[in-house]
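Below is one structure, written out as C-alpha cells; comments come after it.
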Amino acid sequence: MTKEERFQNRIDQDLKIEPKDWMPEAYRRTLVRQISQHAHSEVVGMLPEGNWLTRAPSLRRKVALLAKVQDEAGHGLYLYSATETLGTPRDETIDDLLAGRAKYSSIFNYPTTSWADIGAIGWLVDGAAILNQVSLTRTSYGPYARAMVRICKEESFHQRQGYEIMLTLCRGSAAQKAMAQDALNRWWWPALMMFGPHDTESTHTEQSMKWKIKRERNDDLRQRFVDMTVPQADYLGITIPDPHLRWNPDRHHYDFGEIDWEEFWKVVKGFGPCNRERLEARRKAHVEGAWIRDAAEAYARRQSEMKKAIA
Ligand code: BYC
C-alpha cells in the first residue's frame, strides 16, 4: 500500500489526522486555505459588530455584545493556532490577509447601519455559521475538529443573543418591528451566500468531501439553514424577502429563489460595500498593535531565560 492509500484508508475509517502524521501536500494546503480563511472571517467579523459597541441600547445589551465580539477574537486565535500546526507561521497567514491575498467570509463586507443589524447578524450569520461548523466538528484534521467543538458552543450563545434582540424589536413598537424587518431584508441573501457557490460551481467540494475536510456540501447546508430559519421568522412575525419561498411537500423542504451570484462574486473578489474599509481597519489595528506583540515576545523571552537560569 502506498503512503497515499494508507492516508485515505485512515480517513475512510473516520480516524483523525494529527499534525505529525504524514499527509499529502494538497491536503495540507487545502486545510491551510480553509482554516486561515475561517480565522480571518472571525477576526474581520468583529468589525461590523464592534461598530455598535458604543451605541448598544442598554448596559445588558452592551455586555452581551462585548462578550460576543471577544469570543470572535478567541475563535480567530484557536484557528490561527490550528493553521500553525500545519507548519504555516501566523505572521505569514496574517500578512496574506493584510495584503489582500487571502479571502474571508463575504458576509462581513456589508455595513451595520442600525441596531437591528446586530440582532440579524446573531440570528442569521451565527445561525449559518453554527450549521457549517457543527458539521466541521467531524472534519478529518484533529486540531481543526477540536477547535470547532468549543467554537460551536460559543456560537450558540451568539445566535441566541441575536434572536433575542430580534424578538424584543418585533414585540416592540411599529418602528422597532420595521427596523427588524429592514435588517432581515438586507441580511437574508448575504447570509445564504455564506455557504458558498452551488456544488456544481464549487472548486473544492469534491476533493474536500473525499478527504472529509468538508463533511457536507454547500447546497445541503444552505437548504438546512432555510428550513430551520423560516419558522423562526414566522415566530418573529417578519417576512423573508423571497417571493419564491414556499414549502414543497414532495421534497419536504422549502423551495427558495436564486441567489444573486454576480453580487456574491463581486464581494468575494474585493468589490463589496465594505471590503476596502474592513482591510483598512485590520491594517490599522496591526500597525497600532505592534507594541503589544513586541511586549509579549519580550516577556516570553524573559520568562524562558529565567526558567533556564533556575534549571
Ligand atoms: N465568502 O469551492 P468552494 C464566522 C470561496 S462564519 C468568501 O465551495 P470551499 C463568524 C472559497 O474560499 C464564516 N469566499 O470553497 C460568524 C473558494 O475560493 P478559493 C466563516 C467564499 O472552501 C459570526 C471559492 O469561493 N466560516 O466566522 O470548499 C461572527 C470556491 O468555493 C465564500 C468558515 O470559514 C464566502 N461565503 O467551501 C463572526 C467555515 N464561499 O479559496 C464570525 C469554514 C466560498 O479557492 N469554511 N468562497 O480562493 C468552509 O466551510 C468552506 O471554506 C466554505 C467554502 C463552505 C466557506
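Is the chain best put as rounded, prolate or oblate by its Cα gyration tensor, with a ≥ b ≥ c the root eigenvalues, rounded for a/c under 1.5, and otherwise prolate when a/b is larger than b/c, oblate when not? Oblate is the answer for the chain, as a/c is 1.5 or above yet b/c matches or exceeds a/b. Amide H contacts of S202: none lie under 5 Å away among residues 5 or more positions distant or on a separate chain (H built 1.01 Å from N in the peptide plane; Pro and chain starts excluded).
As I understand it, the dipole of the range 220-311 uses +1 on the Cβ of Lys and Arg and -1 on the Cβ of Asp and Glu, about the Cα centre. Which of A296, Q223, A281 lies farthest toward its positive end? With unit charges placed on the Cβ atoms, the residue in question is A296.
Largest accessible area first, the listed residues Y78, Y299, Y110 line up as Y299, Y78, Y110 when surface is computed with a 1.4 Å probe on the assembled protein chains. Taking the centroid of alpha carbons for each part, the range 228-251 and the range 255-311 are 36 Å apart.
Under a Gaussian network description of the chain, with springs only between Cα atoms under 10 Å, the residue in I118, I292, I238 that fluctuates furthest is I292. For the range 166-224 and the range 58-134, what is the separation of their Cα centres, given in Å? Here the two parts' Cα centres lie 15 Å apart. Take R283: with every protein chain present and a 1.4 Å probe, its accessible area is about 100 Å². Remark on I17: its backbone amide H falls under 5 Å from those of Y141, G142, a criterion applied only to residues 5 or more positions apart or on other chains, H modelled at 1.01 Å from N. Using a probe of 1.4 angstrom and keeping all protein chains present, the accessible surface of the range 97-242 works out to 39 square angstrom per residue. Ranking of Y80, Y254 by solvent-accessible surface, largest first: Y254, Y80 (1.4 Å probe, protein heavy atoms only, all chains present).
Ligands, DNA and RNA left out, the 1.4 Å accessible surface of the range 22-84 is 62% carbon and sulfur atoms.
Sorted largest first by accessible area at a 1.4 angstrom probe radius, with every protein chain in place, the residues R6, R215, R186 fall in the order R6, R186, R215.
Between K210 and L245, the modelled labels are 3.8 nm apart [label points 7 Å from Cα along Cα→Cβ].
A Cβ-based charge dipole, computed about the Cα centre of the range 18-147 with Lys and Arg at +1 and Asp and Glu at -1, lands at about 320 debye. Magnitude of the charge dipole for the chain, about its Cα centre and with charges confined to Cβ atoms of Lys, Arg (+1) and Asp, Glu (-1), is about 1000 debye. With unit charges on the beta carbons (Lys and Arg positive, Asp and Glu negative) and the dipole taken about the Cα centre of the chain, which residue among G87, W188, W247 sits farthest to the positive side? With unit charges placed on the Cβ atoms, the residue in question is G87.
Of the residues A39, L53, Y27, the one whose Cα sits farthest towards the positive end of the charge dipole of the range 1-75 is L53 (charges of +1 on Lys and Arg Cβ, -1 on Asp and Glu Cβ, taken about the Cα centre).
Which of the residue pairs K3/K214; K20/K307; K68/K153; K20/K308 have a Cα-Cα distance greater than 18 Å in the structure shown? In this structure, K3/K214; K20/K307; K20/K308 lie more than 18 Å apart at Cα.
The values are calculated or read from the model by the stated rules, or taken from the named source; none is laboratory data. Keep in mind it's a predicted model, so treat the numbers as computed, not measured. Reconstructed Cβ throughout: ideal geometry from the backbone, glycine too, with neighbour counts over all protein chains shown. These accessible areas exclude ligands, DNA and RNA; they are computed on the full protein's heavy atoms, side chains included. Shrake-Rupley method; radii C 1.70, N 1.55, O 1.52, S 1.80 Å.
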